[in-house]
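The structure follows.
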Amino acid sequence: MKTEWMQIIEELKRIHGKRNVVPLHEPTFSGNEVRYVTDTINSGWVSSVGAYVDEFERKLAEYTGVKRAVAVVNGTAALHIALKLAGVKANEEVLMPSLTFVATANAVAYLQAIPNFVDVSLGTLGIDPTKLEIYLQEIGAVRNGQLINKQTGRVIKALLPMHTFGHPVDLEPLLQLCKKYNLILIEDAAESLGSYYRGQHTGSFGLFGTLSFNGNKIITTGGGGAILTNDIDLAEKAKHITTTAKIPHRWKYEHDEIGFNYRMPNINAALGCAQIEKIEEFIDLKRQLTLTYEQLFQNIKNVELFKEPQFAKSNYWLQTLIVNEKSRDELLQLLNEEGILARPIWNPLHEQIMYQDCPKAELDNTLYLKKTVINIPSSPLF
Ligand SMILES: *Cc1c(COP(=O)(O)O)cnc(C)c1O
């Protein structure tokens, strides 16, 4: 096995251009980034005023096919505000995968609401609709139009699926469950800009979708995020409370509620405007890398390259291997010793100290993937 793996490592090094260290994912700045950022510096408008924020929001809405996009400081803030405007309140529950980045649950906790962790499907790595339905039949009851968790007595307000590593979840049955159980759908699309479910962009199916432009995501603004919605009133509310809830006036400081300073600075939006011009190129190169990896791993025992679900076109943000659990950690160690910065999947959130007492479903697939998934270098190769 070891010699076979050393051959893979040599191949990975060759594919990634014989560097000493191959990062998991790094940003590419090959377009108008310097020009647009320099423009904000030369004009002096680097911060809370400037045209790039409006332009970036317009481009995001156009690209994802939603009516409005509101740019904010990061993806976690986008989730926080989306959940707040969806009406999620203290002591209400939000259904989400346990297998996600901690921000998904943190945003719920900021509102004193409670994550309720459900299992993922092995075919999508995102929420499994069949298992969710069984869980809701068991614990849920609709009373006065509200879904109540019979085990905790709390209202279950929303469903928050996440599109893992860019691969879309099966949204159609989830939408049906939302209708049946009166749940609000919010999509954590932080990893899936450029990914489509049956031809429609992820993040555009629910009341809100949220994006992240952190340095490791498919496009970056340094740090940043966005709220997507087709509801223009809610988009205006999102803009208002992410910009300190100030009533527009040329000089007066009047605010009509407790707002947040979550606005994306103009200098970051300038970077975003240049990055989004390149996204199709990034996705093409990532999909080419998938084909290269497919060949590399096709005859390797105990290792399987994860492919997009048949109903989806994925951005392949992070390339994913499912490795036999007896060999996974050994492979991970070998890759890292050789400078190939592979990473395991997140520790599931129901095992994190802050969330270990939260309600949860049976999580067999989550526990299996925790032991078997690794991500390997995924930057677009030019
Ligand atoms: C990156 C990410 C976020 C939020 O990211 P920020 O770092 O706050 O921009 C949220 N959810 C998931 C699944 C993510 O991968």
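The values are calculated or read from the model by the stated rules, or taken from the named source; none is laboratory data. Since the structure is predicted, the reported quantities are computational estimates derived from the model, not experimental observations. A quick note on method: Cβ atoms are made from the backbone with ideal geometry, for glycine too, and the neighbour counts reach across all protein chains shown. To get the accessible areas, we keep the full protein, side chains included, count just its heavy atoms, and leave off ligands, DNA and RNA. Shrake-Rupley method; radii C 1.70, N 1.55, O 1.52, S 1.80 Å.
Say we look at the range 290-326 and pick out the residues that are within 19 Å of Glu4 (Cβ to Cβ) and in a loop (DSSP other than H, G, I, E, B); which of these is least open to solvent (accessible area, probe 1.4 Å)?
Among them, the one singled out is Ile300.
For the range 222-265, how many residues are crowded, with 22+ Cβ neighbours inside 10 Å, of a type in the set (A, V, I, L, M, F, W, C) and away from the ligand (no atom under 15 Å from the Cβ)?
The total comes to 2.
A follow-up question, please. Does Gly153 fit the bill of being part of a loop (DSSP other than H, G, I, E, B), surrounded by 17 or more Cβ atoms within 10 Å (Cβ to Cβ) and modelled with pLDDT of 95 or more? Talk me through it step by step, then tell me what you get.
On the way: part of a loop (DSSP other than H, G, I, E, B): yes; surrounded by 17 or more Cβ atoms within 10 Å (Cβ to Cβ): no; modelled with pLDDT of 95 or more: yes.
Criteria not met by Gly153.
For Ala269, indicate whether it is away from the ligand (no atom under 14 Å from the Cβ) and open to solvent by less than 40 Å² (accessible area, probe 1.4 Å). Step through it out loud before you land on a result.
Numbers: away from the ligand (no atom under 14 Å from the Cβ): yes; open to solvent by less than 40 Å² (accessible area, probe 1.4 Å): yes.
So Ala269 fits the description; yes.
So which residues in the range 200-221 are in contact (Cβ under 8 Å) with a residue 40 or more places away in the chain and away from the ligand (no atom under 16 Å from the Cβ), if there are any at all?
Matches in the range 200-221: Gln200, His201, Ser204, Leu207.
Output the residues belonging to the range 34-67 that are aliphatic (A, V, I, L, M), farther than 27 Å from Glu257 by Cα and open to solvent by 20 Å² or more (accessible area, probe 1.4 Å).
Val34, Val37, Ile41
Considering only the range 347-369, state which residues are under 21 Å from the mean Cα position of the chain (by Cα) and open to solvent by less than 60 Å² (accessible area, probe 1.4 Å).
Pro348, Leu349, His350, Gln352, Tyr355, Leu363, Asn365, Thr366, Leu369
Return the residues of the range 68-114 that are within 15 Å of the ligand (Cβ to nearest atom), open to solvent by less than 20 Å² (accessible area, probe 1.4 Å) and in a loop (DSSP other than H, G, I, E, B); say none if nothing qualifies.
Listed by number, the residues that qualify are Ser98, Leu99, Thr100.
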